[in-house]
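Everything on this sheet refers to the single structure shown next.
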Amino acid sequence: MTQRQTELDRSTQLQAAIRDFKAITIPWGQVTEMVELLQGTLPPGVLLTSVTVDASQVRLVAKAGNVEQAIAFVEALRATGRFQEVPYTSISADISVTLKLVPPKAK
């Protein structure tokens, strides 16, 4: 099996898991919204392998095909404005980070 086929298979599995996750977490809009936000920031070649969301932070693990893709993902996360900071301290295709959410504005 080629590396590309392996990535496609993993992506298909992840998409199915995300669909299942969304079905379970519909009452928790913040979780669903955050997963959708993260999916929207993924450049080609980057796969989310783990996402944990709580009231004040998001913990994620992702695997990029190369360092440039990892940097593009970090920059896309920063551009959302939803996180206090998005550190990227080691030049690697593996990303494992806890992101503190920007507190919601008072209504």
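Size of the dipole of region 3-100 about the Cα centre, Lys and Arg at +1 and Asp and Glu at -1 on the beta carbon, nothing else charged, in debye to 20?
Numbers: 9 positive and 10 negative charges, 15 e Å.
Rounded to the nearest 20 debye, it is 80 debye.
Label Gln39 and Leu101 with points 7 Å out from Cα along Cα→Cβ: what is the distance between them in nm?
Rounded to a tenth, the inter-label distance reads 1.8 nm.
Count charges around Ala64 for me, please; just the other residues with Cβ under 14 Å from its Cβ, Lys/Arg as +1, Asp/Glu as -1.
-2
Once you keep just the Cα pairs under 8 angstrom separated by 6 or more residues, what percentage relative contact order results for the chain?
Reported as a whole number, the value is 21 percent.
How many times 2.2 N^0.38 Å is the alpha carbon radius of gyration of region 52-107?
The reported ratio for this selection is 1.19.
Taking just the alpha carbons, could you work out the radius of gyration and Dmax for the chain, both in angstroms?
14.2, 53
Let me check I've understood the local charge: for Arg10, count other residues with C-beta under 13 angstrom from its C-beta, Lys and Arg +1, Asp and Glu -1. What total comes out?
0
Scan the chain and note any complete DSSP helix (H) whose C-alpha atoms cover at least 30 Å along its axis and whose Kyte-Doolittle average is -1.0 or more.
3-25
No value in this document is a laboratory result; all are computed from the given coordinates. Note that this is a predicted model, so its numbers are computed, not measured. With ideal geometry, Cβ positions are generated from the backbone for all residues, glycine too; neighbour counts draw on all protein chains shown.
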